[in-house]
Amino acid sequence: MSDTALPTLSDLVAPRGAAAGERLVRALAWLAWADGELHPGEAEVLERLVEAFPFDDEQRARVGAEIQRPAPVGALLSEITEPAEKRLLLALCQFVSARDERQTHEEVVAVAQVAGAIGFVGKEAQAVIKIADGLARAVSAGTTSLERALVDLVTEIADDA
């Protein structure tokens, strides 16, 4: 298979729809700010996801504002009921928090809070976290691009379901 035949991030996440995209990006923004800062690597992931989901202008503005000033996500997390969306959220949470190679205690706690809130814990959750962590570190090390890592993450998480 040539590189031109490989799916893009948009190809993989757009079918999930804008509502799922909003839930994911809002939760990820909250997590990215768990240590009180939005680091450049975290912002880059969030921006790439905003580009990939099929948001209209109003939704794009709303999630953009949420990235800069995230709201608590407790009620939002209870809306995430689909197993595939739970897997993707947990994977992306770990990816975002590990993206800058400085995963803080607050970020580790936030990932654990998300996992508990969505009821996705145990060995399966640990496997998802391990995949996401490895891909985030590959991007930080410069051995893969952000786009390729996100595509691989979404694909691997879907394949493990």
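Please verify whether the stretch 112-133 includes one or more residues that are in contact (Cβ under 8 Å) with a residue 40 or more places away in the chain, in contact with a Ser or Thr (Cβ under 8 Å, 6 or more places away or on another chain) and more than 14 Å from Ala34 (Cβ to Cβ). Full working, then the answer.
Restricting attention to the stretch 112-133, the residues satisfying the condition of being in contact (Cβ under 8 Å) with a residue 40 or more places away in the chain are 114, 117-118, 128, 131-132.
Within this subset, residues satisfying the condition of being in contact with a Ser or Thr (Cβ under 8 Å, 6 or more places away or on another chain) are 117.
In the following step, the residues that additionally are more than 14 Å from Ala34 (Cβ to Cβ) were identified as none.
So far as the stretch 112-133 goes, no, none of its residues is in contact (Cβ under 8 Å) with a residue 40 or more places away in the chain, in contact with a Ser or Thr (Cβ under 8 Å, 6 or more places away or on another chain) and more than 14 Å from Ala34 (Cβ to Cβ).
Residue by residue through the stretch 14-29, note down the ones that are surrounded by fewer than 22 Cβ atoms within 10 Å (Cβ to Cβ), within 12 Å of the chain's Cα centre (by Cα) and not basic (Lys, Arg).
Residues of the stretch 14-29 that are surrounded by fewer than 22 Cβ atoms within 10 Å (Cβ to Cβ), as a first pass: 14-23, 26.
Checking the rest, the ones that are also within 12 Å of the chain's Cα centre (by Cα) come to 20-23, 26.
Result: Ala20, Gly21, Glu22.
Would you check if there is a residue in the stretch 22-31 being in a helix (DSSP H, G or I) and touching a Cys at 6+ places or on another chain (Cβ under 6 Å)? Talk me through it step by step, then tell me what you get.
Taking the stretch 22-31 first, the residues in a helix (DSSP H, G or I) are 22-31.
With touching a Cys at 6+ places or on another chain (Cβ under 6 Å) added as a condition, the list becomes 31.
Looking through the stretch 22-31, at least one residue is in a helix (DSSP H, G or I) and touching a Cys at 6+ places or on another chain (Cβ under 6 Å).
Can you tell me which residues in the stretch 112-132 are outside any helix (DSSP H, G or I), surrounded by 14 or more Cβ atoms within 10 Å (Cβ to Cβ) and among the β-branched types (Val, Ile, Thr)?
Scanning the stretch 112-132 gives a single hit, Ile118.
Quick one: count up the residues across the stretch 68-112 that are modelled with pLDDT under 90, in contact with an Asp or Glu (Cβ under 8 Å, 6 or more places away or on another chain) and of a type in the set (S, T, N, Q).
1
Among (1) in contact (Cβ under 8 Å) with a residue 12 or more places away in the chain; (2) in a helix (DSSP H, G or I); (3) crowded, with 17+ Cβ neighbours inside 10 Å; (4) more than 12 Å from the chain's Cα centre (by Cα), which single condition is Glu106 missing?
All conditions pass for Glu106, except number (3).
Which ones in the stretch 63-82 are closer than 17 Å to Ala117 by Cα and either touching a strand residue (DSSP E or B) at 6+ places or on another chain (Cβ under 8 Å) or part of a loop (DSSP other than H, G, I, E, B) (or both)? Talk me through it step by step, then tell me what you get.
Let us first name the residues in the stretch 63-82 that are closer than 17 Å to Ala117 by Cα, namely 71-82.
Scanning the stretch 63-82 gives Ala71, Pro72, Val73, Glu79, Ile80, Thr81, Glu82.
Evaluate the following for Glu101: is it under 21 Å from Ala43 (Cβ atoms), in a loop (DSSP other than H, G, I, E, B) and not β-branched (Val, Ile, Thr)?
On the way: under 21 Å from Ala43 (Cβ atoms): yes; in a loop (DSSP other than H, G, I, E, B): yes; not β-branched (Val, Ile, Thr): yes.
For Glu101, the condition - under 21 Å from Ala43 (Cβ atoms), in a loop (DSSP other than H, G, I, E, B) and not β-branched (Val, Ile, Thr) - is met.
Could you tell me which numbered condition Ala141 fails, if it satisfies all but one of (1) small (Gly, Ala, Ser); (2) on the phi > 0 side of the Ramachandran plot; (3) exposed (fewer than 13 other Cβ atoms within 10 Å of the Cβ)?
Only one criterion is unmet by Ala141, namely (2).
Answer yes or no as to whether Val73 is in contact with a Phe, Trp or Tyr (Cβ under 6 Å, 6 or more places away or on another chain) and farther than 22 Å from Ala149 by Cα. Lay out the reasoning, then the answer.
Values: in contact with a Phe, Trp or Tyr (Cβ under 6 Å, 6 or more places away or on another chain): yes; farther than 22 Å from Ala149 by Cα: yes.
In short, yes.
Out of everything in the stretch 144-161 that is over 16 Å from the mean Cα position of the chain (by Cα) and of a type outside the set (A, V, I, L, M), what residue ends up being surrounded by the most Cβ atoms within 10 Å (Cβ to Cβ)?
Ranking the candidates gives Thr144 first.
The values are calculated or read from the model by the stated rules, or taken from the named source; none is laboratory data. Just so it is clear, the structure is predicted and the values come from calculations on it, not from any experiment. Note that we place each Cβ from the backbone using ideal geometry, even for glycine, and neighbour counts take in every protein chain shown.
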